[in-house]
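Peer 1: Before I ask anything, let me first share the structure, which is written out below as structure tokens.
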Amino acid sequence: GIQVEQSPPDLILQEGANSTLRCNFSDSVNNLQWFHQNPWGQLINLFYIPSGTKQNGRLSATTVATERYSLLYISSSQTTDSGVYFCAAPITSGTYKYIFGTGTRLKVLA
Amino acid sequence: DGGITQSPKYLFRKEGQNVTLSCEQNLNHDAMYWYRQDPGQGLRLIYYSQIVNDFQKGDIAEGYSVSREKKESFPLTVTSAQKNPTAFYLCASSTPARGDTIYFGEGSWLTVV
């Protein structure tokens with residue numbers, strides 16, 4: 001089956017720093033999404049980004065579907081950005097079964 | 001407001017007892033899911049349902065059961081056959097056919113003692 005790897009697994013930043021998180025897929029995927037899980041466990045949708053680039057405030061994401069990867073950029077990080085970031089996609093187009101990456105655990109220090 | 005409601009948020013049970021976690025959505029989504037998350041780990045799919053009265057096993061279905069009698073509801077029962085039930089359980093819904101994103105409830109923490 002499709003494998004999803006995220007890197008780095010752990011990241012510690014000083015407040016105000018920028019970072020790039022990566023999501024690699026072993027096969028082609030559609031409907032790739034990024035999520036942030038806050039310290040209380042809530043999973044928040046960040047981006048639905050099957051291809052191209054999107055921006056939302058300090059966050060932006062780029063997916064290069066032909067090369068099977070996606071990047072999440074966090075600029076001017078804040079302590080509230082701490083948590084775990086997951087990427088996910090349906091195993092095959094139109095399927096209801098999503099596969100999640102291993103996650104990147106981010107800690108932003110004040 | 002539209003969303004996914006899980007209850008209870010915290011649940012303690014004695015070993016050997018069945019427990020049922022509730023999940024209700026008012027997003028009019030066709031598909032619903034249950035995921036399990038252990039501390040410091042990723043999400044693992046337990047069951048998913050594409051339509052009412054139909055559901056499929058995920059990667060770790062043993063020891064769990066579900067029902068989908070209504071579009072809005074997808075309860076999960078953790079049975080006594082589940083060997084390590086203590087975990088964080090997340091319910092989600094989506095309508096992949098229209099390319100929608102998958103949305104999550106706030107989760108339920110189950111502790112079995």
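Peer 1: Looking at this structure, is residue A:30 part of a loop (DSSP other than H, G, I, E, B), within 11 Å of chain B (Cβ to nearest Cβ) and either exposed (fewer than 14 other Cβ atoms within 10 Å of the Cβ) or not acidic (Asp, Glu) (or both)?
Peer 2: Numbers: part of a loop (DSSP other than H, G, I, E, B): yes; within 11 Å of chain B (Cβ to nearest Cβ): yes; either exposed (fewer than 14 other Cβ atoms within 10 Å of the Cβ) or not acidic (Asp, Glu) (or both): yes.
The answer is yes for residue A:30.
Peer 1: Only residues that are aliphatic (A, V, I, L, M) and either open to solvent by 30 Å² or more (accessible area, probe 1.4 Å) or part of a strand (DSSP E or B) (or both): list them for the stretch A:33-72, please. Give the derivation first.
Peer 2: From the stretch A:33-72, those aliphatic (A, V, I, L, M) are A:43-44, A:46, A:49, A:59, A:61, A:64-65, A:71-72; that's our starting set.
A:43, A:44, A:46, A:59, A:61, A:64, A:65, A:71, A:72 - these are the residues of the stretch A:33-72 that are aliphatic (A, V, I, L, M) and either open to solvent by 30 Å² or more (accessible area, probe 1.4 Å) or part of a strand (DSSP E or B) (or both).
Peer 1: Any residue in the stretch A:2-18 that is touching a residue at least 12 places away in the same chain (Cβ under 8 Å), open to solvent by less than 20 Å² (accessible area, probe 1.4 Å) and more than 14 Å from residue A:106 (Cα to Cα)?
Peer 2: Checked the stretch A:2-18: at least one residue is touching a residue at least 12 places away in the same chain (Cβ under 8 Å), open to solvent by less than 20 Å² (accessible area, probe 1.4 Å) and more than 14 Å from residue A:106 (Cα to Cα).
Peer 1: May I pose another question? Would you please list the contacts, defined by Cβ atoms under 7 Å and residues six or more apart or on different chains, that run from a residue in the stretch A:34-46 that is within 8 Å of chain B (Cβ to nearest Cβ) to a residue that is open to solvent by 40 Å² or more (accessible area, probe 1.4 Å) and hydroxyl-bearing (Ser, Thr, Tyr)?
Peer 2: Qualifying pairs under 7 Å: A:45/B:103.
Peer 1: Now for a different question. Pull up the stretch B:39-70, narrow it to residues that are farther than 30 Å from residue A:85 by Cβ and within 14 Å of chain A (Cβ to nearest Cβ), then point me to the one that is modelled with the lowest pLDDT.
Peer 2: Taking the stretch B:39-70 as the starting set, the residues that turn out to be farther than 30 Å from residue A:85 by Cβ are B:51-54, B:65, B:67-70.
Filter once more, keeping what is within 14 Å of chain A (Cβ to nearest Cβ): B:51-52, B:54, B:68.
Numbers: B:51: 90, B:52: 94, B:54: 94, B:68: 98.
The qualifying residue modelled with the lowest pLDDT is B:51.
Peer 1: Quick one: what pairs do we get from the stretch B:1-29, first residue free of Cβ contacts under 8 Å to residues at least 60 places away in the same chain and within 16 Å of residue B:89 (Cβ to Cβ), second hydroxyl-bearing (Ser, Thr, Tyr) and part of a strand (DSSP E or B), C-beta under 7 Å, 6+ apart or different chains?
Peer 2: B:20/B:77; B:22/B:7; B:24/B:5; B:24/B:73
Peer 1: Follow-up question, since we're still on this one. Can you tell me which residue among A:2, A:99 is within 13 Å of another protein chain (Cβ to nearest Cβ), part of a loop (DSSP other than H, G, I, E, B) and under 21 Å from residue B:58 (Cβ atoms)? Steps first, answer last, please.
Peer 2: On the way: A:99 fails: part of a loop (DSSP other than H, G, I, E, B).
Going through A:2, A:99 in turn, the sole match is A:2.
Peer 1: OK, next. Filter the stretch B:1-31 down to the residues that are modelled with pLDDT of 95 or more, open to solvent by less than 20 Å² (accessible area, probe 1.4 Å) and out of contact with any Leu (no Cβ under 8 Å at 6 or more places or on another chain) and list them by number.
Peer 2: B:25, the sole residue that qualifies.
Peer 1: Condition check: within 10 Å of the chain's Cα centre (by Cα), closer than 24 Å to residue B:104 by Cα and touching a residue at least 12 places away in the same chain (Cβ under 8 Å). Does residue A:25 satisfy that?
Peer 2: Working: within 10 Å of the chain's Cα centre (by Cα): no; closer than 24 Å to residue B:104 by Cα: yes; touching a residue at least 12 places away in the same chain (Cβ under 8 Å): yes.
Judged against the criteria, residue A:25 is not a match.
The values are calculated or read from the model by the stated rules, or taken from the named source; none is laboratory data. None of these values were measured; they are calculated from a predicted model. Cβ atoms come from the backbone with ideal geometry, glycine included; neighbour counts cover every protein chain shown. Note: accessible area is taken over every heavy atom of the protein model, side chains too, but ligands, DNA and RNA are not part of it. Shrake-Rupley method; radii C 1.70, N 1.55, O 1.52, S 1.80 Å.
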